[in-house]
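Every number here is computed from the coordinates shown, using simple stated rules; none is lab data. Quick caveat, the model's predicted, so the values are computed rather than measured. Glycine also receives a Cβ, built like all others from the backbone with ideal geometry; neighbour counts cover every protein chain displayed.
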Amino acid sequence: MNSNLDLAFDNRLSETEKKQIGIDAFINLIDTTFGIMYRDKMEKKEVVKNVTFENEEIIKSYQKEGKQFILVTGHYGNWELLSQSIAIHFDLTLVGVGRELDSKVMDDILIKNRQRFNVEMVYKKGAMKGCIRAIGKKKIVGVLVDQHLPLDQSINVDFFNHKVTHTPLTAILARKFNLDLIPAFISTDDYENYVVKIYEPIKSIKTENQEEDLLKMTKAQAKVLEKVIRAKPNQWFWQHKRWKEFYKEIY
C-alpha cells in the first residue's frame, strides 16, 4: 500500500499521512464487505435512508429521454452500497461486471443479496457478451474501471502521472452502442451517512479512428477517477497493485 502511495504522490506524503490513509482504506474494505451482510434483511427504502445524491439530475435527464448509459466507478468508498443505492434510487436494473468469488457459498450469498436490490452480475470471463445482452434488455451496465489488467487486454493510460493498464470494456461498449459514460462514486465521513456524487457524462465518440476514440474515452475515465481519489485519498482501495504492469519493482 505504501508503495502505491509513494508512487502516486511522488513520495510527498509523511509516514503519518500514509498510515492514516492505510487505516481508512482498510476500514472502507470492512465497511464494504460486512455491509453486504448487514443490508441483507433490509427493505430497499432502508438501504438508501442514509444515502444522499449529488447531481442526480444527470441520470434523471437520461431516464427522462429514455436514453441508456454506462455507469463507471471504482473501488472507492463502499462500492457495493453504491451499486445498490443507485439501482434503488433511480429504479433501474444495474448489471455489474466482477469476478466469481473463490467461495461458492459466499458467491451465492452475494448474488442473492445484489438481486434483491436490482443489481445483477456478469463474470469477467464472459463480460462482453453479458454486457451486450444486458444493454439489449435496456438494463444499465456498471463497471469498476480501476483494476489492473494484463497488457494484452488493456488500453494504457496515465494515472497519477504513471502509466497503467485500463479496461477498454466501457469505451468499446460506449462506442458500439452510442452510450455515454456516467462516472459515479460514493464516500462517507462517518460510516453512517453516505454521499453518491454523479459526474458530468463522458460522451460517446465514434469517428473513423476507432483506436483514437477508445483511447480518448479511456483517458477521460482515468482522469475523473484520479480527480476523485485526489480529493479524498483515504476512500480508495490502495491495497491493489494498480501499477504492477509497468512498475513491478515497487511491489
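Tabulate in residue order the Karplus-calculated ³J(HN,Hα) for the stretch 143-155, using 6.51 cos²θ - 1.76 cosθ + 1.60 with θ = phi - 60°, rounded to whole Hz; enter x for Gly and Pro.
10, 7, 9, 10, 9, 5, 10, x, 4, 6, 10, 10, 10
Any chance you could run the full-extension gain for Tyr247 through Gln115? It's 0.36 nm times the residue separation minus the Cα-Cα distance, nm to one decimal.
Working: separation 132, 0.36 × 132 = 47.52 nm, distance 3.82 nm.
Difference between extended and current length: 43.7 nm.
Would you mind pulling out the separation of the Cα centroids of the stretch 200-228 and the stretch 30-83, in Å?
So the separation of the two Cα centres works out to 23 Å.
Using modelled backbone amide H atoms (1.01 Å from N, in-plane), which distant-in-sequence or interchain residues come within less than 5 Å of Thr93's amide H?
Ile140
For Lys138, which lysines qualify as cross-link partners when the Cα separation must be under 16 Å and same-chain residues fewer than eight apart are set aside?
Partners within reach: Lys60, Lys64, Lys67, Lys129, Lys176.
Quick check: residue separation of Gln20 and Lys219 times 0.36 nm, minus the Cα distance between them. What number comes out in nm? Intermediate results must be reported in sequence, preceding the final value.
Details: separation 199, 0.36 × 199 = 71.64 nm, distance 2.93 nm.
Taking Gln20 through Lys219 to full extension adds about 68.7 nm, to one decimal.
So the label point goes 7 Å from the Cα of Glu200 along Cα→C-beta, right? Which residues of the stretch 133-148 then have their backbone N under 17 Å from it?
Label zone hits: none.
Give the lysines whose C-alpha is closer than 16 Å to that of Lys219, dropping any in the same chain fewer than 8 places away, or say none.
Once the sequence-local lysines are set aside, what remains near Lys219 is Lys163, Lys203, Lys206, Lys227.
Quick one: Karplus J couplings for the stretch 237-251, per residue in order, coefficients 6.51, -1.76, 1.60, θ = phi - 60°, nearest Hz, x for Gly and Pro?
7, 6, 5, 6, 7, 5, 9, 5, 5, 10, 9, 4, 5, 7, 9
Using the Cα atoms of the chain, I'd like the radius of gyration and the largest Cα-Cα distance, Dmax, both in angstrom.
When restricted to Cα atoms, the chain yields Rg and Dmax of 17.6, 50 Å.
Write down the Å³ per residue value for the convex hull defined by the alpha carbon atoms of the stretch 13-85. Don't jump to the answer; show the numbers that get you there.
On the way: hull volume 9.3 nm³, N = 73.
Each residue corresponds to 127 Å³ of Cα convex hull volume.
Can you give the percent of C-alpha pairs in the stretch 110-227 whose distance is more than 19 Å? Present the calculation step by step, with values, prior to reporting the outcome.
On the way: 3724 of 6903 pairs.
Taking all Cα-Cα pairs of the stretch 110-227, the fraction more than 19 Å apart is 54 percent.
Give the order of Arg116, Arg230 when sorted by the count of other beta carbons within 10 angstrom, beginning with the fewest. Before the final figure, lay out the partial values.
Details: Arg116 17, Arg230 12.
In increasing order of surrounding Cβ atoms, one gets Arg230, Arg116.
Amide H to amide H, which residues 5 or more places from Trp236 or on other chains are under 5 Å from it, using H placed in the peptide plane?
Gly77
What is the spin-label model distance, in nm, from Phe9 to Asn50 if the labels are put 7 Å beyond Cα along the C-beta direction?
So the two model labels end up 2.7 nm from each other.
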